[in-house]
Structure formats: C-alpha cells, structure tokens
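Every number in this text was worked out from the coordinates using simple rules, so none of it is lab data. Remember, it's a predicted structure, so these values are computed and weren't measured experimentally. Neighbour counts run over all protein chains shown; Cβ positions are idealised from the backbone, glycine included.
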Amino acid sequence: MRALRRPRQVAGGAVLGTAMLVSLLYPAGAVASAAASALPSCAALQPFSSKNFPASPRIDNRWLPLRPGIDVELSGTVLGDDGLLHKHVIRSTVSSVTKMIDGVRTLVLYERDIEDGELQESELAFEAQDRGGTVWNMGEYPEEYDSGVLDGAPSTWIPGLAGARAGTNMPAHPSLRTPAYRQGLARSVGFEDCAKFIHTAAHTCWAGSCSDHALVSDEWAPNDPEGGHQLKYYVAGIGVVRVGALDGTNPEVLKLTHRTRLSEAALRRIDRQVLAQDRRGYRVSPHVYGRTKPATISDCD
C-alpha cells in the first residue's frame, strides 16, 4: 500500500537513535551543522520516461505489491494539537480502476484517513511500476473533509501539470546503498518528499505476526522541518506493516491490523466509489485534476 504519502509527524518504534539517523542522512563532516530546521534535500533516483512503463499497470514489487482487491487497514493514535491522543485509522484499497497520468496508465489506490471515527481525507493515489520493477508515485487527489463536509482538495498534484514531477515510491532493488531519493515534487502545493533506507533486517511485529527481516525507510519533507522523520516498515510480500518516527510536532503510531482480498462484489463497490470521486474531482479541482483524462475500469490483476 501507499500509506501516508506525505509524512505525517509520527513517533515511536525507532530502530536507530537520532544521532545515528542524522549521521546517515548528512555527509561526513556535516553532522555537527545539521539542525532540525534544515532537513536535507534529495534528487530523483532515476529519470522518468513514460516509455519505460507497460500499457497495462501491474505492480508486483516484492516490497510493495499492489494487487487489485487488496484491502489494508493501519490503526493507531495521533497526538493532536490539543495535547490528547486521538484514534487514527488509514484504510487503503487497491481498486481495479486505472487512470492515464503523464503518459502512463496508473493503478488507482483509494485511501481514507479517519480520526476518532470521522473521515478527514479521501484520497485517490496513482501508482505505476516501470518495466525495471520500480514503483512510481504518479500524483494524488486528496479530498479534505471538515465535520463530514467536503472542504476542497488544495493539495492535489499531478505529474506533468503545474510543474509537478513523478517520484519513486519503492525502488526495484532497495538497499542501504540506495541514495536518498525524491518521492514526488509539486512546488505549487509545497509538496516534496524524500526517503532513505536505514535498515534491511529490522525486527517488527503487527497483527499477531512478526518478522526479523523488515525493510525500514526514513521519510521527510525538506520544506517541512517541523514534520520530522517518518519511519515505514515493509515486509516482503505484504508492504507497509508499521509506521513510526523519531520526532515531529504531532506524534503518530500505526500498525497493520487488517489485510484481506475483497470479494468481486466488494471490489466493484469500491470501484464505483473511486469513479464517483474521480468525476467529482473535475468540479473540485478544475484547474489541475480537471485537466486529466477520466478514470476507467481495467482488467489488470
């Protein structure tokens, strides 16, 4: 699953101390000058070209498999501005809907962000895997809600529009030697995410299961130093199983609590909801999302 594309100030579950993490992120000799107000930047891991993608999307990267019908829930808490812990749930479903983005047919993920039982955000995220096995972030259409009422989608970004660029979600062969890489860029909405792998054999547990071979990435936003560093734990064949961090102004912890394959009927219901949100996007975000081609149902598996 995509899960938390924009770093959301999370806390807990660190596998490294702060000093060690900073030493990994900054070049030798620069650690002393590194400050929380100056998070490092990053660059594209590889050039983007629509010619490198298949005509029909298929995402089978071992660290981020996205098969239509997979339904995932991450549950935990977030520390609110009121100083209290609030229940937080991220529900993500891989639909069988596809959408053309910047010359690439992408697979649409349907993600709902729920806090204290109330919908905060409903997002369509567009993912595609190139022929080399790298999974790319190809934009987002996140609708924001206030007390159950749609309040716009100001953070929408689509590669190829308004200067936005696609970024790497998961490399084909992640390792500690993989340099810090950009996960997406859209300066018009203040979006730029970076990531760096910091562990390839971490111990972690979720929903009654454990692994000693989790891949851990650190993620941060250079233009949001108060957001801190988010840690994501990936298990081969599953994807994200845990989210934690070292710092941040609104600490959050999440663990995988549910993962299943939807029935055909349930998946079709999700597809209809995705298509309805896609249509709504042309009204809510006419100057960005309104310039994309309509989403369609695909036979991809």
Legend entry - Residues listed by number, region 70-89, amide nitrogen under 14 Å from residue 120 label point at 7 Å toward C-beta: 74-89
Inset, instruction - Distance from a point 7 Å along Cα→Cβ of residue 287 to each backbone N in region 163-184: keep the residues under 20 Å and list them by number. - result: 163-165
Inset, instruction - Please turn the phi angles of region 263-271 into ³J(HN,Hα) values with the Karplus equation 6.51 cos²θ - 1.76 cosθ + 1.60 (θ = phi - 60°), one per residue in order, whole Hz, x for glycine and proline. - result: 5, 4, 5, 5, 5, 5, 5, 5, 4
Legend entry - Ordering of 205-212, 268-275, 182-189 by packing [mean C-beta count within 10 Å, highest first]: 182-189, 268-275, 205-212
Inset, instruction - Mind giving me the FRET efficiency for residue 146 and residue 188? R0 is 25 Å, r the Cβ-Cβ distance, nearest 0.05 is fine. - result: 0.65
Legend entry - Global geometry of region 190-280, whether rounded, prolate or oblate, following the gyration tensor of its Cα atoms and the 1.5 cut on a/c: oblate
Inset, instruction - For region 60-74, just list the computed ³J(HN,Hα) in residue order, Karplus coefficients 6.51, -1.76 and 1.60, θ = phi - 60°, integers in Hz, with x standing in for Gly and Pro. - result: 10, 3, 5, 8, 8, x, 10, 9, x, x, 6, 10, 10, 10, 10
Legend entry - Burial ordering of 73, 121, fewest other beta-carbon atoms within 10 Å first: 121, 73
Inset, instruction - Express the relative contact order of region 131-264 as a whole percentage, based on alpha carbon pairs under 8 Å and six or more residues apart in sequence. - result: 14
